1. Once you order the gyration tensor axes a ≥ b ≥ c over the Cα atoms, which shape class does the stretch 57-96 get: rounded for a/c under 1.5, otherwise prolate or oblate by comparing a/b with b/c?
2. Can you give me the Kirkwood hydrodynamic radius for the chain, using every pair of distinct Cα atoms, in Å to one decimal?
3. What is the sum of charges around V45, taking Lys and Arg as +1, Asp and Glu as -1, for the other residues whose C-beta is under 11 Å from the C-beta of V45?
4. Residues of the stretch 81-95 with backbone nitrogen within less than 20 Å of a virtual label 7 Å along the Cα-to-Cβ line of I129, please, listed as ranges.
5. Going by C-beta contacts inside 10 Å, put F116, F154 in order with the fewest on the left.
6. Enter the Cα centre distance for the pair the stretch 40-97 and the stretch 105-184, rounded to the nearest angstrom.
7. Among 47-56, 92-101, 126-135, how do they line up by average Cβ neighbours within 10 Å per residue, starting with the highest?
8. In nanometres, what is the gap between the two model label sites at N24 and S65, each 7 Å from Cα along Cα-to-Cβ?
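What follows draws every value from the coordinates through simple rules; no lab data is involved. Note that the coordinates shown come from a computational prediction; the quantities given were computed from them, not determined experimentally. Cβ placement follows ideal geometry from the backbone for every residue including glycine, while neighbour counts extend to all protein chains displayed.
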Amino acid sequence: MKEMLAAGLVGLGLVGCTTPQIGNYIPKTANISKPPIGSINTAYVGDSLVSQGRAVEQDVLVIDSNYDLNMQYKVFAGKYAQVGQDKDNKYYSLRELKKNTEGARAKLLSDPPSVFMINKKGWLCVVTIYNTKSCGDAIGVSFKAEGSVNEDSFQQTLIYSGKVGNKINIGYREFSSNIARPVFNNNVEYDLSQSKEIGYKGALLEIIEATNQDIKYKVIRNFNKVD
């Protein structure tokens, strides 16, 4: 079943074009830590010993294949992040999550698309820049929660750099939006003859055994809090 909906003007004297009214949507965030605190692990030179960061998870509309919607719009396969919601509808970006390509293209005489919408009936709609809606059966559509990289994504990690004599070398790295932050990088040397525990920025590890090729250790504490 398909329908074409037109949004009326709201408010006395309001004329011209209106844009879709999109409610607030806030992606879920969670602090993540690995390996688990208390676990015993083995890592090789260049491997991460411990990492912690903030993951951002958002709801995503998944369209399996290209298809025509009401002979008005070409809808393209891809993943589209939720950008808003109101009482009855959920709105999704018209830009593909990974490739940043368009999700819908207007056919002849159709208004330019602005955003995807899933209404309370479960239909997929293309909302135009004039807030008209072309809706139809959601063909090959599903929903999932997916981790995404954006300005809120942040990670800290310690990397094993090998052993010389009784001393081991550990590198500290920070990443934001999957981009390294070199100004915060640091390389630290620890003398295991003085202590089997090493710490940096709150992270604490107990070194069980170390060679110039690998290291066995126990995670006592990570950088900061974990959800």
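1. oblate
2. 21.1 Å
3. -1
4. Within reach of a label on I129, which here means backbone N under 20 Å from a point 7 Å along Cα→Cβ, the stretch 81-95 contributes 92-95.
5. Ascending Cβ contact count within 10 Å gives the list F154, F116.
6. Going from one Cα centre to the other spans 5 Å.
7. Those peptides, ordered most packed to least, come out 126-135, 47-56, 92-101.
8. Roughly 4.1 nm, to one decimal.
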